[in-house]
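**Q** Okay, handing you the structure first.
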Amino acid sequence: MSDFRIDKITNRDGSAGTQIAGISTFSGTSGMQLPVGPTEYRGGRGRAVFAGGSQQPAGTQWHSTMDKVEIATTGNATDFGDMDQGRYYNRAVSSSTRGVIAGGTGDITGSPAMTANMQYVIISSEGGSNDFGELDMARNGLIPASNNTRGLLAGGYVTPTNIRDNVIKFITIATTGDASDFGNLTQPQDQGAGINSPTRGVFAGSNNPSKINTISFVTISTLGDGQDFGNLTAAKGALPGASSSTRGLTFGGNDGSNFINNIDLITIPTLGNATDFGDLVAINAESTAASSQVRGLCAGGETPTGGGWTNVIQYVTIATAGNATDFGDMTVARGNDLGGFSDVHGGLG
């Protein structure tokens, strides 16, 4: 019997049936060949992108560079494309299709200036970014969370008032347009860790003017103010977050006196304080993160040795506790909250 191929599945009523990602061919001699590996890595998904950031000397070089890696593998990052301009202190949200990079401080006029602009990319293809819309005002150090429909951009440092803010804005990722008001955080936060499940957005820690251990959460599909979730293991900021649909992690950061290598863990569907998960390979702050349901990646950041940037990418297995392992290197060392996102993170279920 010869091989045959199923291009689509149709239900008895004529509607489209459920697709099984990764299956294309069946063999008459060996039977039906099912895909192997975690579901999120089938069908071409499983990509993380790290966008922007700055490198030394600090405040003089703003990157438009976007790097990509395949989360299920290890190895060095390769070039994805360029943003519209160099920017740092930018953060990002994503669906299974798009990544949206929001705010930051950009090389707009040849000198650093904060921006309200948002740009988007199609994660499955390489190339430059496209205009998405505007935040309500120029912001950097936003705390991001998203599911497959909405992206939330919380808090941040704003101008012209030059304060840390508590406002939460939201966008519909599949469209383009300006951000709308969602509600308020329990208190002002910036440069904290954003964590997502399909239902919840969680915002942990803050950097300026002082570090806090506050964790707050919202229900992504509704509008409303943040509610108290619990506390981090210590007051800290300048840290990113990663998540599966049930577990959230924060990586490193700054506790006000030192850069730290601690990884904190929360269980997203519940409420409660964070617990210790393990340690990073390299101590850093102002790094970025991206995740799948299986792995959390931490990339780049500032190191405590002479205030230099690192190009190191490290990873953990989210379902277990333990120290990070080396993944590879970014194309160039950089930090200052470059925006990290993926098409398989915990908010996508």
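The values are calculated or read from the model by the stated rules, or taken from the named source; none is laboratory data. What you see is a predicted model; the values in this text were computed from it and never measured. Neighbour counts are summed over all protein chains in view; Cβ atoms, including those assigned to glycine, are modelled from backbone coordinates with ideal geometry. Heads up: the accessible areas ignore ligands, DNA and RNA and are worked out on the full protein's heavy atoms, side chains in. Shrake-Rupley method; radii C 1.70, N 1.55, O 1.52, S 1.80 Å.
**Q** Quick one: if you stick a label point 7 Å off each Cα along the C-beta vector at residue 222 and residue 180, how many nm between them?
**A** Computed distance between label sites residue 222 and residue 180 equals 1.7 nm.
**Q** Would you work out which of 182, 199, 151 lies farthest towards the positive end of the dipole of region 121-206, given +1 charges on the beta-carbon of Lys and Arg and -1 on that of Asp and Glu, about the Cα centre?
**A** Result: 199.
**Q** OK, next. Expressed as a whole number of Å, what is the distance separating the alpha-carbon centroids of region 151-166 and region 278-349?
**A** So the separation of the two Cα centres works out to 24 Å.
**Q** Give me the dipole magnitude in Debye, nearest 20, for region 237-349 about the Cα centre, with unit charges on the beta carbon: positive for Lys and Arg, negative for Asp and Glu.
**A** 220 debye
**Q** Also, I was wondering about something else. Using a 1.4 Å probe, what is the accessible area per residue for region 218-268, in Å²? If you can, show how the numbers build up before the last one.
**A** Numbers: 1700 Å² over 51 residues.
With all protein chains present, region 218-268 gives 33 Å² per residue.
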